[in-house]
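Where a number appears in this text, it was derived from the coordinates with a stated rule and is not lab data. The shown structure was predicted, so the numbers you read here are calculated from the model rather than taken from an experiment. Here the Cβ positions follow ideal geometry from the backbone for every residue, glycine too, while neighbour counts run over all protein chains shown.
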Amino acid sequence: MNAPSTLMEKDRTATAKERLVVIGNGMAGCRAVEEMLARDPARFDVTIFGAEPRVNYNRIMLSPVLAGEKAYEDIIINGAGWYADNAIKLVSGDPVVAIDRASHTVVSQSGRVEPYDRLLIATGSDPFILPVPGHNLPGVVTFRDLDDVSKMLAAADRGGCAVVIGGGLLGLEAAHGLSLRGMKVTVVHLMPTLMERQLDEAAGYLLKTELERRGQMIVTGGDTAEIFSHDGHVAGVRLKDGREFAADIVVMAVGIRPASGLAKAAGLEVDRGIIVNDHMVTSDPAVMAVGECVQHRGACYGLVAPLWEMCRALADAACEKPSGYEGSVTSTKLKVSGIDLFSAGDFSGGEGAEDIVMRDAARGVYKRVVVKDNRLIGAVLYGDTADGNWYFDLLKKGADISGIREALIFGQAFASGGALLDPNAAVAALSDDAEICGCNGVTKARVIETIAAGACSLDAVRSGCKASASCGSCTGLVESLLTLTLGGEVQSGPKTLCKCTSFTHDDVRRLILEKNLRAIPNVMQELHWTTPDGCSSCRPALNYYLLCAWPGEYEDDQKSRFVNERLHANIQKDGTYSVVPRMWGGLTNPRELRAIADVVEKYNAPMVKVTGGQRLDIFGIKKEDLPAVWADLNAAGMVSGHAYGKSLRTVKTCVGSEWCRFGTQDSTGLGVKIERMTWGSWMPHKFKIAVSGCPRNCAEATIKDFGIVCVESGYELHVGGNGGIKVRATDLLCKVATEQEAMDVCAAFIQLYREQAHYLERTAPWIERVGLDHVKAGLFDDPGSVQRLAARFHHSQTYCQDDPWAERAGGKYAELHQHLAEVRPLTMEPQAMETVR
Amino acid sequence: MIGEWLDIGKVEQIAPGTARTLPVRGADEIAVFRTQNNEFYALVNKCPHKQGPLSQGIIHGNVVTCPLHSWNISLQTGEALGEDKGCVPSIPMRVDAGRMYLLRSAVVGQKAA
Ligand code: SRM
Ligand SMILES: Cc1cc2nc3c(=O)[nH]c(=O)nc-3n(C[C@H](O)[C@H](O)[C@H](O)COP(=O)(O)OP(=O)(O)OC[C@H]3O[C@@H](n4cnc5c(N)ncnc54)[C@H](O)[C@@H]3O)c2cc1C
Ligand code: SF4
Ligand code: FES
């Protein structure tokens, strides 16, 4: 076997050549052969076995073939001539079924036995098939080779619907092709974000929106339960949540597995893939392996770039100039025409990592680069990928970027411009008639004029000449102009919502409506958030603003809620929870009291207490027990008291005219009615109401957000009280004659507060900020206002008055209440440990 | 190799941007986090401030905000960020073929101070 290498090149005879057998006529196998031939054309006598009945073609171009942009002929890499010219024997359409390492032979399906001196395994991957019922029905296909494409094209010719299971690179390319071929396509993806391994939430959201705009239906968070059939052919896909999607063809694109079965059966060392060393040699020195079927230093790859590097190392070693392969950093591009998307490296951040984000909503661009220790470690680009290769290059080289850091996000042209390293300098270099604000057509000269005329802050510029007053994408430019024109005298504007944005609460609320923004990632993109997924201040605020803006349509984002609202109970210092059921207007009865007593005993609650809000609080409940506690309370007719929420808390009442010798009206009854009207509503902050039966005011109505004091002639309505950290007595809003008017004004006032206040601003500071006159004007200047505001409040209430406890007791979000698993060490020896689900 | 690593189940059990808990008999409960970016981290479920359950905080980037007094804790190192000082033990974790693994010795060995 090592004899030939001692011979002179010209002396080699055909019989002295090493016999190289290659299993797999795909991209890596053929490339490896090409590389070896280039180094030493006389060394090997080559035989290639291919399972597919054809020559080697460019597999990654199957997507353009499916989409109709390329034909099979265009994507052939090695035509019949190549095999002939290099005297390579191609055995196609006949897969190898066994390797006999003892006798150095392989056996093919047709029974052909081929001896080898050196064997190269390049069998690629097999598509993973979800083992759901119906997975082997006719009409269920994978996306791996030309035959799969032919099946899809045949189905597309017949028209109808396609369901693609898997929203990764392959699935989306299949969906794109089928949809261009005229099928109605639904993509079912298990994760909440498309291509979650390559994209962050923001880019995934943009991609989803674009695909939906193109008519595909994208179902994220969809877990396939079954593929069902009609007359023996696939008819549709059913999800675990019961949803069904009709399908004439189902494409399964949920992942790939290294095709390592043959190697394993031959006794080679195999983990996920065939284990190879840095020279692509397996545990048997006569057997090499390359491509997607291998596992190198723990990693398996599913892209071509690493294969080229592997083939280079393999050929070097096989031709006795070993160089070694050290693993690859990969980058991804999606081949869907019109969608530019690039991702590379690690964009998860981590300690010491800094995100630089740039969003240009008008152009639909999102760019994010992650920098750590002055090196670029990751990049996600959507909408403008021109600089993808440049970033990837910096990343692979580990180049020191400290010199170009400020300009890095603007791309190569900008960052290498030497003099333009400083973004301010770049703005200074713009001509006077350069357009700064595209929305309002404001030039640089006009902005400078406005600043010169006395506008010293972003806000002043906005109101002075409208620059940056609409979409805000030019905010950075305007700020640069302020700095350039005024030097250090720029005044910081009103407080921004948080450090992730340059917009204020009011801006954000206004723009959500103006620009019809309907999801958190949507707001972050359109309003140029500087962080990829916000922070613990802006996420809850945006969630509330969207909920308030789009009642019934916006889907609440649980992970943007503070723990109390996520678990519908109050967290305590020891991590347990307290449970406060509603007691309407402070009234209760034996049935409720019994249910509470039973819960206290059954779950060993260490304490039960009367709250300052006229109801009972049960303490010390574990998160796992909450659903059961709620089920028991529900059974007695009790619902959540929202003691945990930025929402209506309590309506305190006094006994009133029913019993009290001074009572002027039925304050208890009115309190109950008001609580029935307002419970469940989400607010900027907590909201408390009280109704007192006379001016003695036993329900303390004049320190509540909305307080009613009953008098002989009707009802005095008070607003903006607060008994908390800073005590504030209410302002008198108005006096009305009837209960109904009192309730209408209450609903209208709440809605005005809901629509206008900043998140985490209670009514007292809100009124201090905007003034009582503003509130009065909003309610009373226009005769229809109260009714219109109240109608909006009642509309949003139709979506809120479902008891959240009942939903949880019924099993919704069960994972929030259950442990992932439990670890019980058998002894404290780490080896003897078992996990119990 | 797998022997050193404790299999704690499929990645799908934790939705992106959320966390779940893993009680350990004889040692501290562990919080397992999954970020929006699908990075996985495990920390002892006790805030270095006053033992708040970090699993119940809001997760943003690679940081969790404690539900009790809003300290920000790095998921990667367990270190308190910003002005706050303190550190909670982190448990080496890896994900392989859709399953999550914790370093066995760290699961039993850990104990928050
Ligand atoms: C349970 C209760 C104390 C009691 O045992 O009586 C209570 C308990 C808490 N209050 Fe309160 N407040 C309770 C009535 C009050 C009252 C009295 C009232 O509502 O008439 C006030 C003054 C009135 C007011 O709000 O204007 C009150 C003013 C506060 C404040 C200060 C609010 C302010 O605007 O300044 C806070 C802090 C905050 O919200 O940020 C607060 C915060 C809290 C928190 C949520 C502290 C926290 O963040 O963990 C406590 C939750 C304990 C728990 O887990 O249940 N609690 N709190 C009362 C529950 C009422 C209920 O049935 O829902
Ligand atoms: C639709 C599609 C789009 C893609 N897009 C991209 C992209 O944009 N960018 C990118 O980098 N990568 C892309 N890829 C991945 C890329 O094609 C693969 O990484 C690459 O083809 C792997 O090369 P390989 O030689 O290891 O496997 P393959 O190219 O699959 O070759 C393996 C060959 O071995 C044959 N074989 C298997 N077992 C046997 C046997 N027992 N006997 C004989 N023959 C056998 C197979 O039939 C196959 O022909 C895409 C893949 C697909 C399917
Ligand atoms: S007064 Fe302070 S200690 Fe008492 S319940 Fe309210 S927040 Fe807690
Ligand atoms: S316990 Fe976590 S911040 Fe106080």
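A few remarks follow.
- Rh by Kirkwood over Cα pairs, then Stokes-Einstein D for segment A:630-779 at 0.692 mPa s and 37 °C, µm²/s: 212 µm²/s
- Membrane-span-like helices in chain A, defined here as complete DSSP H runs extending at least 15 Å along the helix axis by their C-alpha atoms with mean Kyte-Doolittle hydropathy no lower than 0.0, are A:27-39, A:169-180, A:304-318, A:475-486, A:538-549; this is a sequence and geometry rule, not a statement about a membrane.
- Separation of segment A:561-634 and segment A:194-218, taken as the distance between their Cα centroids, equals 41 angstrom.
- Our helix-only sum for chain B, with -39,500 (n - 2.57) per DSSP H run of n ≥ 4 divided by its residues, gives a mean residue ellipticity at 222 nm of -1000 deg cm²/dmol.
- Listed residues A:Ala299, A:Thr730, A:Ala631: farthest to the positive end of the dipole of chain A (Cβ charges): A:Thr730
- Relative contact order (%) - chain A, alpha-carbon pairs under 8 angstrom, separation at least six: 6 percent
- Cα lying deepest toward the dipole's positive end in chain A, options A:Asn277, A:Met183, A:Phe706, charges on Cβ: A:Phe706
- Between segment A:42-99 and segment B:1-69, the C-alpha centres lie 48 angstrom from each other.
- Ratio of Rg to Rh for the protein assembly as shown: 1.04 [Cα atoms; Kirkwood radius as inverse mean 1/r over pairs].
- Its Cα gyration tensor gives segment A:152-233 an equivalent ellipsoid. The semi-axes, each the square root of 5 times an eigenvalue, are 23, 15, 10 Å from largest down.
- In this entry, chain B is assigned a mean projected area of 6.6 nm², taken as a quarter of its C-alpha convex hull surface.
- Prolate/oblate/rounded label for segment A:97-158 (Cα gyration tensor, a/c 1.5): prolate
- In segment A:65-200, the C-alpha radius of gyration followed by the widest Cα-Cα span (Dmax) gives 19.3, 54 angstrom.
- Take every Cα pair under 8 Å whose residues are at least 6 apart in sequence, average their separation, divide by the length of chain B, and the relative contact order is 28 percent.
- Hydrodynamic radius of segment A:29-110 per Kirkwood, over alpha carbon pairs, in Å: 14.4 Å
- For chain A, the mean residue ellipticity at 222 nm estimated from helices alone is -8500 deg cm²/dmol, where every DSSP H run of n ≥ 4 contributes -39500 (n - 2.57) and the total is divided by all residues, rounded to the nearest 500.
- Which of B:Met100, B:Thr65, B:Pro53, positive extreme of dipole for segment B:23-113 (C-beta unit charges): B:Met100
- Descending semi-axes in whole angstrom, ellipsoid equivalent of segment A:696-837, from the Cα gyration tensor: 47, 19, 15
- Annotation note: chymotrypsin sites (Phe, Trp or Tyr not before Pro) in segment A:617-690 located in DSSP loop regions with a Cβ neighbour count of at most 12 within 10 Å are A:Trp659.
- Distant-in-sequence amide H partners of A:Ile256 (H built 1.01 Å from N, under 5 Å): A:Phe128
- Local charge for B:Arg25 was computed over the other residues whose Cβ lies under 9 Å away, with Lys and Arg +1 and Asp and Glu -1, and equals 0.
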